[in-house]
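Only one structure is covered here, and it is reproduced in the block below.
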Amino acid sequence: MRIASIDIGTNTFRILVCELKDKEIKKLYIERVITRLGGGFAKEGKITEDAARRSLRALKKFAKIIERYKVKRVRAVATSVVRESQNGSKFLEQVKKETGIKTEIISGEEEAQLTVNGVLRSVSVDTKYSVIFDVGGGSTEYVFVKKGQVLGLTSTNLGVVHLSERYLKTGVPSSSDIKNLSKEIETVLSFELSWIPSVSPSNLTLIGTAGTPTTLAAIQLGLKKYDPGLVNGFILKQDMLTNIFKSLIRIPPRDRLKIPGLEKGREDVIIPGVLIVLQTMDRFSKDTVLVSDGGLLEGVAYSLIP
């Protein structure tokens, strides 16, 4: 049986088509489209007409993919920006009407749990504890795990689209822009992650998933074309990220696109993204992050297994 999972995110939409066999999935097709559904949300508090138009165009394409692969079961989930938008439900009604795709709004907690399921089937962890974090356009989820068992999770409002619109309004950020952005991230992490107990860094693995960690791995690898096989399981080191960050903040967004591994649509949001990763590392006294190409999309696919 063929199944499909769809992730309607704040910055990126993704679709995964799989063949289901013996309670395992074989990936047949995967695609992502940067739609910036959350563009303008920080100011408007809702999904703008332009963002809806871009997003519907991507979902119409996804609907054709579902038809082409003769998919029997589909699960589409919407995350942060649809949860929070004044017109989120109205947008999903429009999606159903124009594409036939029925979408459910999931909570930050369910998003985190599904992400864990996708991550732990994608990478191996050899420490007793792990913290999995999913850097999204509208929120960043953190999950504390012990030997594969979820001990707790939280969804923060650290979304790279929202942070970019709030703090990075000029091409090349000023030192005060970076200082204010960093302070916001530090304050949120200090408050929102205080429940996670102190664990020896040697007994803890940090795992980053979603567009920011995978993009940073692609940049470090110098990938002109994204390769999930090379990105999944890549180890990002603190000095790598610091060097990438220093390079990014010196040049305007349009010139960042010349950097191999940085796809169009991430040129502005990569700066708050890399700061979230670096400050997460500081928070847990870790100098490495394990990158997982698998996450929410795969977790949604596995949730379709009977």
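Key figures for this structure:
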read-out	value
Pairs, first more than 11 Å from ASN11 (Cα to Cα) in the stretch 35-62, second part of a helix (DSSP H, G or I) and of a type in the set (Lys, Arg), C-beta under 6 Å, six or more apart	ALA42/ARG166
Count of the stretch 173-188 residues which are aliphatic (A, V, I, L, M) and either crowded, with 21+ Cβ neighbours inside 10 Å or not assigned by TED's automatic domain parsing to the domain that holds MET281 (or both)	1
The stretch 1-48 - residue that is of a type in the set (Asp, Glu) and either surrounded by fewer than 18 Cβ atoms within 10 Å (Cβ to Cβ) or more than 14 Å from the chain's Cα centre (by Cα) (or both) and, of those, farthest from ILE305 (Cα to Cα)	GLU44
Qualifying residue in the stretch 141-151 (condition: part of a helix (DSSP H, G or I) and either modelled with pLDDT of 90 or more or within 19 Å of the chain's Cα centre (by Cα) (or both))	no
Given (1) modelled with pLDDT of 95 or more; (2) part of a loop (DSSP other than H, G, I, E, B), index of the condition ILE305 fails	(1)
Qualifying positions in the stretch 230-250 - of a type outside the set (A, V, I, L, M, F, W, C) and out of contact with any Asp or Glu (no Cβ under 6 Å at 6 or more places or on another chain)	GLY233, LYS237, ASP239, THR242, ASN243, LYS246, SER247, ARG250
Selected residue [crowded, with 24+ Cβ neighbours inside 10 Å and touching a residue at least 12 places away in the same chain (Cβ under 8 Å)] from ASP134, ASP126	ASP134
Residue check, THR154 closer than 29 Å to SER202 by Cβ, touching a residue at least 12 places away in the same chain (Cβ under 8 Å) and either touching a His at 6+ places or on another chain (Cβ under 8 Å) or not in a strand (DSSP E or B) (or both)	no
Tally, over the stretch 67-90, of residues that are surrounded by fewer than 23 Cβ atoms within 10 Å (Cβ to Cβ) and of a type in the set (A, V, I, L, M, F, W, C)	3
Contacts under 7 angstrom Cβ, first residue in the stretch 1-16 being closer than 15 Å to ILE106 by Cβ and outside the structural domain of LYS61 (by TED's automatic domain parsing), partner surrounded by fewer than 24 Cβ atoms within 10 Å (Cβ to Cβ) and hydroxyl-bearing (Ser, Thr, Tyr), 6 or more apart	none
Filter result (in contact with a strand residue (DSSP E or B) (Cβ under 9 Å, 6 or more places away or on another chain) and among the charged types (D, E, K, R)) within the stretch 243-282	GLU263, LYS264, ARG266
Some residue of the stretch 241-253 being closer than 30 Å to LYS146 by Cβ and not hydroxyl-bearing (Ser, Thr, Tyr)	yes
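For (1) crowded, with 17+ Cβ neighbours inside 10 Å; (2) among the small types (Gly, Ala, Ser); (3) touching a Gly at 6+ places or on another chain (Cβ under 9 Å), each residue gets a yes or a no:
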| residue | (1), (2), (3) |
| --- | --- |
| SER194 | no, yes, no |
| GLY208 | yes, yes, no |
| ALA217 | yes, yes, yes |
| GLY222 | no, yes, yes |
| PRO228 | no, no, yes |
| LEU262 | yes, no, no |
| ARG266 | yes, no, yes |
| ILE271 | yes, no, no |
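The values are calculated or read from the model by the stated rules, or taken from the named source; none is laboratory data. Here the structure is a predicted model, which is why all the values come from computation and not from measurement. Note that we place each Cβ from the backbone using ideal geometry, even for glycine, and neighbour counts take in every protein chain shown.
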